[in-house]
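Reviewing the structure listed below.
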Amino acid sequence: RHKNWKLVVGNAGRFDGWVPPHDVTAGALLGEEKKKCCSSWETRNGQNHFMLFNLKDDPLETTDLSDHFPQVVSTLKSRLRTYAMESINPQIPRDDPQGHPALHGGFYSPGWCNPVV
């Protein structure tokens, strides 16, 4: 995401229906037809596909603008490549058997620290 733009890369997952704005109550929706937006999500989800949204004008991300703003897509792809070159894999420590819940009253512990009693 950069400024008002959000770039979605690859498969964003299967879209399962319309999501109302946060300030709309169920009562306000009664009798109102719920629309499905972005039905193209189900067909345009290859790894090399990009979807571009203007979050200021379209906060519900209903309109893919990638075909209309290819320069914005290119700029955001370049930023992503830069981030990817600078990123490192997460440093996740191995599980410590001393952290097992059986040793700490039923609670997980990192294993390397002792509780203050």
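Odds and ends about this structure:
- Footprinting exposure proxy for 76, 60 (fewest neighbouring C-beta atoms within 10 Å first): 60, 76
- Charge tally in the Cβ shell below 11 Å around residue 4, where Lys, Arg are +1 and Asp, Glu are -1, residue 4 excluded: +2
- Per-residue HN-Hα couplings for the stretch 51-67 [Karplus 6.51, -1.76, 1.60; θ = phi - 60°; Hz; x = Gly/Pro]: 10, 10, 10, 9, 5, 6, 7, 9, x, 8, 6, 9, 10, 6, 9, 4, 6
- Each of 53, 69, 107 was scored by other Cβ atoms within 10 Å of its Cβ. Arranged with the fewest first, they read 107, 69, 53.
Any read-out appearing in this document is the output of simple, stated calculations on the displayed coordinates, not a laboratory observation. Computed from a prediction, not measured in an experiment: that's the story for all the values here. For neighbour counting, all protein chains shown are included, and Cβ atoms are generated from backbone atoms with ideal geometry for every residue, glycine included.
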